[in-house]
Each structure stands twice: as C-alpha cells, then as structure tokens.
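What follows is a set of notes on a single structure, which appears directly below.
The values are calculated or read from the model by the stated rules, or taken from the named source; none is laboratory data. None of the values given here were measured: they were computed from a predicted structure. Heads up, the Cβs are rebuilt from the backbone with ideal geometry, glycines too, and the neighbour counts pull from every protein chain shown.
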Amino acid sequence: VALATVDIPAGGTIVCTDQGYGAVRYAIERRARQCGAGIVTAGVPLDADDDAVVAAVAGAIDDRTAVVVVDQITSPTAMMFPIDRLVALCRDADVPVIVDGAHAPGLIDDPYAARPDFWTGNFHKWPCAPRGTAGLVVGERWRDRSFPPIVSFGDGLPYAERFDDQATVDYAPWLAAPIALDVLTEIDWPGIRAEWADKLDEYRDLVASVPGLQAVPLVSPAPTMRLLELPDGFLTSGPDFKAQRQRAVDEFGLELGFAVWQGRSFLRLSAHAYNQPRDYEILAERLPGLATW
Ligand SMILES: Cc1ncc(COP(=O)(O)O)c(C=O)c1O
C-alpha cells in the first residue's frame, strides 16, 4: 500500500537497507520495475551503532530518492534502528519514509512515535494475536490517495474504513488483537521484557558455548532477541531453507529462528513471557547435534 501510494518517477530511486525483510525487498523490486525506478541499498554492518545506521541511510539519499524504506527492528539480525533519527533525516531531505515495524508491537512501547509517512507492524508476533493480524498507519498527507490493493465494496469509503471493509475478510483476528494487547498488560509484559533484556546475553552466551556457534554482540539489539552465527555456509537460502528448519524440528525437537543474511548463517534467539531459562539450556544441550548435519 505504502509503495503504491508515494510517487516514484521513472529514474527515481527507492532507498532501503541490506537488513530489510526478504518479502519487503521483493515488494520494493516489483514497484521499482513497475515505475522504471532504481533501488539503492544502504549496507548496514552488524556492528553498526545508531550513528553508523543513520550515516548509511543518509549516504544513500540523493536528489533522485523517491522514498525510503527502513526497519524498526531488523528481521534477520534483531537490530533496533534509531527510527526517530531516520524519520527526521528523511523529513529534512523532504523524502517520504516507510517504516517496517513488523516486530515493534510488544517490543517498543510507542512504535509510531516518530510519525513516519507510513508505519506497519504485526500483532501476531510479540503480542501473540492470531496469525495475520497487522496494522498500517498512513500519515495524514497520504490518506486521500491511499487505497487497499484489492478493490472491494468499501472502495468509496474514506480512509481507514475502505481498508477495513474488504469483502469476506475474517474480522476475528482484529477483534482478538486488542484483547491480546490487554493480556500483555495484565501479565506485566513490559516488566518481564525488561528482565529478559537484562539476562538474555547470559543465555545467548550459554548457547554460544556450543562448538561452531558464535555470539554476535549487537550495539542495539531488540530487547528480547539475540543473535548467534552458525558456521559459514551452514544454511542455504531458497527452497532448502524451509527443509533445514523442518529437519531441526524432526531431529532435535527444536523450532529454530534460522536466518541467512549476506550469505552468512544465523540463529536468532527470542525470549517471551512463556520462556524459562531451561529452554536455553535445552537448546545448548541439543544444538551440538547440528554439527553432524
Ligand atoms: C521485518 C519484517 N517485515 C515484514 C514481515 C512480513 O510480515 P507478514 O508475513 O505478516 O507480511 C516480517 C515477518 O516476519 C518481518 O519480520
């Protein structure tokens, strides 16, 4: 929706980073093809601090930039980007900015605070709402020309009703989402999250004691996610990737947050309210089995 709403002239560019989500990258590529636009990808290394992230994106913006797409929390690497500064940067450059906040609800208390032109986030991740529950906020200046990708009877309605009135769409997840958020408050998820944020390095290091695994210290990790690197070439992107995840389930009883980024193989640890220290001990006990793959 966001990419379809902004003006992208032929010869213009869409700026993104190399830490973006794969399917979002495909959306950028498709839109760029349709518009005859180019893509400028800012490289953000794993050891980047906030200044380096801002500098990388700033370096990719020039007078051809039509729109910038950035992550609030990166999917393959669990890095938190300084979204306030990135939005301010784009505002100064007079370029619209789309924020992919898929992981932000539940991890960042006010994920829309920076008021980007477009913000989207998932409620089926950390808030545990039913699968397929996502939010989109369109900045005021774009609302009149922002339309759902599928035409339905709600098409003539104003924003945001035309997004909500979509044929036979199942409203159950949307009805459940606010209840899921209430549950997070009831169980004091912000308090539990802060506790995990303090101790998760310790459990990451325990898992990193498995031969072949290496802890990847990030300057600003997502509060309850940590990154480990697997041996080079361990995972393959493409169709084999799903099979490798399934193999970990079948052989070790583990659902693992594998990721391939820049050809390198990673394991992303997460901690939610239902996790116990024992979960990470089990990981450390079973992961050596991966060495025999
Ligand atoms: C950063 C990021 N962007 C986008 C998505 C896509 O979300 P969905 O599959 O709900 O469209 C994900 C999902 O994991 C993600 O992590």
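For the stretch 121-142, the tally of residues that are of a type outside the set (Phe, Trp, Tyr), in a loop (DSSP other than H, G, I, E, B) and more than 10 Å from the ligand (Cβ to nearest atom) stands at 5.
The residue that is farthest from ALA180 (Cα to Cα), among those in the stretch 106-141 that are in contact (Cβ under 8 Å) with a residue 60 or more places away in the chain and in contact with a strand residue (DSSP E or B) (Cβ under 7 Å, 6 or more places away or on another chain), is ASP117.
Criterion applied to ASP155, ASP182, ASP164, ASP201 was being touching a Lys or Arg at 6+ places or on another chain (Cβ under 8 Å), over 30 Å from ILE282 (Cα atoms) and charged (D, E, K, R), and the one residue passing it is ASP155. So, in the stretch 46-84, how many residues would count as being farther than 20 Å from ILE14 by Cβ, away from the ligand (no atom under 16 Å from the Cβ) and out of contact with any Ser or Thr (no Cβ under 8 Å at 6 or more places or on another chain)? Here the count works out to 5.
For the stretch 4-41, a residue qualifies if it is among the hydrophobic types (A, V, I, L, M, F, W, C) and within 16 Å of the ligand (Cβ to nearest atom), and the qualifying residues are ALA4, ILE14, CYS16, ALA23, VAL24, ALA27, ILE28.
Could you check the stretch 51-75 and list, in sequence order, the residues that are farther than 29 Å from GLY257 by Cβ and either assigned to a strand (DSSP E or B) or among the β-branched types (Val, Ile, Thr) (or both)? Selection gives ILE61, THR65, ALA66, VAL67.
Among all residues of the stretch 144-153, there is at least one that is in a loop (DSSP other than H, G, I, E, B), over 22 Å from THR224 (Cβ atoms), within 16 Å of the ligand (Cβ to nearest atom) and in contact (Cβ under 8 Å) with a residue 24 or more places away in the chain.
Of the helices (runs of 4 or more DSSP H) lying entirely inside the stretch 166-270, those containing at least 2 residues that are of a type in the set (Phe, Trp, Tyr) and either surrounded by 12 or more Cβ atoms within 10 Å (Cβ to Cβ) or at pLDDT 95 or above (or both) are 189-208, 240-252. In the stretch 87-120, of all residues being farther than 17 Å from ALA56 by Cα and of a type in the set (A, V, I, L, M), the one that is farthest from the ligand (Cβ to nearest atom) corresponds to ALA113.
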